[in-house]
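A short reminder: the numbers here are calculations on the coordinates, not readings from a lab. Fair warning: this is a prediction, and the values are worked out from it, not measured in the lab. Here the Cβ positions follow ideal geometry from the backbone for every residue, glycine too, while neighbour counts run over all protein chains shown.
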C-alpha cells in the first residue's frame, strides 16, 4: 500500500513509520503543522508542534529513508480542535482535544487528503491493534501494553476510517519501542513522552484558558457552594479552572461541617457556581451519552465495559443505544466523571464505539 | 528511484559548472592563508586577487569594488546595515530606507530588524500585478523628504516570479539626491546582462551557487568611495568591512563560475527562454486554466522562470505529487518551520491567499533539456487532477 506516516517528531510515530516500511508499504512521512505560530523549541512535556519537533521528524524520515513533507493543518486544527476546546470549557464541560483531533484531523482531514492524493492509508504511532473480524469488518482492540493503550482516544473512528488506518505499535510495549528506535538509529529514541495538551505551551491549562477565553462566561468569578449545607464556602475567579472530581486548589474559606475533604461535584458556567461535597457524592451509576461513533455495526445493547476518561479504569456496564443517544448503566460506580469527556465502550478488548458524556446520575439519586 | 531526475529548481540552486568544480578542486589540495606573508600565503593571495579581477572584469566593476562574503544573505545584510549605519553616522537625519514589498527575505528580514531594533523607518513600496516596482511611489517617497533617505534597495530580478525591476529608473531618482542604491542581483547575474558600473548602482549582491559556483561564497560589489560599516569584525581581510580568513578554493571557483556564466549569458538566456516558453505553452495546453504569474515572457522576465498558478490546487500537493514522479520544483513560498506561508510576493502583486497557495515555480538552468519539459508536460495533467481532488475534500 501507499501509506502516509504521520510523524510528530516523537519516538512512537518514528518507529511506526519504520515498521510500515518494513511491512512492505511505500511510505511517505508527513509532519502535521498544527500550530499557527510554532515555537522554535520544545518546552515542558509537549511532543509536537515546535520547529524542533518538525526537524526531529524530518531526521527520523531521513534515517528510515522515506520522503518527508510538512502539511499545514493549522487552520483546520484551530477551528475543529482549539475552538471546540474553548467552547466546551465555556459550557462547563471538560473536553478531550486528543479524541477530537483524531476524529477531525488525523483520521479525517489528513486521511481525506491522503486518499485524494493517491495514498491508501495513514499510519500513526498510536498504541492500539487492528484485526479483521469474522464478519470481515476491521476491529480495533486495546494494545498489548495496557499502560500505553490509546484505544480510548481512537474510540471515535468509524469503520471507514479504520479500514484506512495502520497502528504498527499495538503489539509492543513502550520500552521495546524505545529499544527498537535505538537499534534503528533513530535519534528520538530517548525523547521524553508527551503528556500535556499540545497547544497549551507550558502545560498550564488554566492559565491558557484564562487568556484565551477573554471575557466569556467561565472567566467570571463565582461562589463555591457546599452541597451538603447549601452554604457558600469560598469563591473563585473562573469555572474553567475546575473539573468534576477535582480536590486540589479549591481554597475553601470555610471548613466542611463533617470534616471530610471536598471535591468538585458540579460546575455551572453561567452563574459561575461551583458545587463541592464529600467524596461519596461523586459516585455515578448512570451516564447519558450523545454523538455516538461506532467502529463497526451499530449495536442495540452491549454488556461490556466502558472507560470514561483517558487512562481511566474500566467499569462493567450495560449500554443501551437508541438513535443518537446512549444510556450507560454502570455496574461498578465511577467517580469524577465530567460531561464533555468520552465514554468509550468495549466488548472485552474490542472497541465498540464511543459517545460524548452529556450528563451523569449520582448514586442514590432518582432514576 | 528509477526515473531520471527532472530538476526544475535552478533558482533555488543550480548544479556547479565543470569549470567551477575544476577551479575549486585545483585549490583544495593547496595550502596558504591569503593573509600570510610567505610564499604559500602569497600564492593564496594571488588566487584571491586574480579571482577578484576576473569577476570585476566580467561584471563591469573595479577589482577593489568586490568584497567576498559567505553568500547572498551576508551580502544583503552587509549592504543594508553597513550602508545605513554609515550614512546615518554622517547625518543623523538619514533614518529612512526605501525598498520594495517583493524583496527576498535576506533583504526584508534585515530591514525589519533595523526597523524594530535600530530606529530605521522602512518603507516597502508597492508593485504592479506583474510584480514590478511602482516607480511613481518611489519618486513620491523620496521627494517627501530626500534628506532623510539613507538608502534605497531594489532587487534586480524577483526570485519568485522572475520580473525584472526598473533599476535604471531607481538609480536616476536616487542620483538627483545623492542617495546610494543597493540591488540584490542574486537571480539576475548570468541570466540577464548585469553591468555594475553601467547600472549606476552603488552596491550589488550576488552569490556563487546561483551561477554554477559553490555554496557558501558570494560577494557584495560596492563602490570603493561609499563608506560601509562592518558587520563581522576580525582581521579586516576584505577592505576592513568584512573579516574572516578567505576561502581560497571557493573564491577561485566563484570566479570561474561568474566568468563562464556571464560569458555565455546571451546564448544561455536564449536557449533557456525557448525551453521556458515551450513549458508554459504546453502546460497551459494540458491545464487550460493554469496561468503565468509575473511579467510576460520577454525582456522583462528572467529567461528560466515559469511561475504558474493552478486554480483549485494546493501548491504543496502539486509539489509532493511531482516530487514522487522525480520532478523537482518549488512552491516559491517562504517556509518558516516548514509551515508554508502564502508568498509575500504574490500577496504584494494582489493575489489573495488562495491564489498565492496554488502556485508553483519552475526554474530552468544550464542542465535543463527538452526531455525535462516533456516529462513535466506528461505528468502535470494527472497531478493537477489529483491535487484538485485533494483540495476539494
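A few points about this structure:
- Kirkwood hydrodynamic radius (C-alpha pairs) into Stokes-Einstein, chain B, 20 °C and 1.002 mPa s, D in µm²/s: 99
- Whether segment A:49-148 is rounded, prolate or oblate, judged on the alpha carbon gyration tensor where a/c under 1.5 counts as rounded: oblate
- Model label points for residue B:109 and residue A:361, set 7 angstrom from Cα along the Cα-to-Cβ axis, are 6.3 nm apart.
- Size descriptors for segment B:70-154: radius of gyration and Dmax over Cα atoms are 12.6, 38 Å.
- Rounded to 5, the percent of DSSP beta bridges in chain A classed as antiparallel: 75
- Cα shape, segment B:159-311, gyration tensor, a/c 1.5 rule: prolate
- Folded to 0 to 90 degrees: helix A:11-22 orientation relative to chain A principal axis, Cα: 40
- For segment A:105-181, the spread of Cα positions along each principal axis, largest first, Å: 36, 30, 18
- Rg in Å to one decimal, and Dmax rounded to a whole Å, for segment A:130-253 via C-alpha atoms: 21.8, 62
- Label-to-label distance, nm, for residues given as residue A:322 and residue A:251 (7 Å Cα→Cβ offset): 4.6
- For the protein assembly as shown, the mean residue ellipticity at 222 nm estimated from helices alone is -9500 deg cm²/dmol, where every DSSP H run of n ≥ 4 contributes -39500 (n - 2.57) and the total is divided by all residues, rounded to the nearest 500.
- For a label point 7 Å along the Cα-to-beta-carbon line of residue B:177, residues of segment B:69-98 with backbone N under 20 Å: B:80-98
- For B:207, A:50, order by how many other beta-carbon atoms lie within 10 Å, fewest first: A:50, B:207
- Taking every alpha-carbon pair in segment A:2-190 and binning the separations at 5 Å intervals from zero gives 1, 8, 16, 20, 22, 17, 10, 4, 1, 0 percent.
- Rounded tilt (10° steps) of B:72-90 against the dominant C-alpha axis of chain B: 50
- Between the helical axis of A:174-183 and the longest alpha-carbon principal axis of chain A there is an angle of about 30 degrees.
- Segment A:2-190: antiparallel DSSP beta bridges as a percent of all, rounded to 5: 25
- With an a/c value of 1.5 or above and a/b larger than b/c for the gyration tensor axes a ≥ b ≥ c computed over the alpha-carbon atoms, segment A:228-366 is described as prolate.
- Put simply, the Cα atoms of segment B:92-202 extend 39, 28, 25 Å along their principal axes, the longest span coming first.
- Each part gets one Cα centre, and for segment A:183-248 versus segment B:15-72 those centres are 62 Å apart.
- At full extension, residue B:134 and residue B:53 could sit 25.6 nm farther apart than now, given 0.36 nm per residue minus the alpha carbon distance.
- Rg(Cα)/(2.2 N^0.38 Å) for segment A:215-281, N = residue count: 1.01
- Ellipsoid equivalent to the protein assembly as shown - semi-axes via the Cα gyration tensor, in Å: 59, 31, 24
- Ranked by how many other Cβ atoms sit within 10 Å of their own Cβ, fewest first, the residues A:80, B:195 fall in the order B:195, A:80.
- Rotationally averaged projected area of chain A (alpha carbon convex hull; nm²): 18.7
- Among A:87, B:247, the order by Cβ neighbours within 10 angstrom, fewest to most, reads A:87, B:247.
- Cα Rg over Rh - segment A:183-257, Kirkwood: 1.21
- Rounded to the nearest 5, the antiparallel percentage of DSSP beta bridges internal to the protein assembly as shown is 65%.
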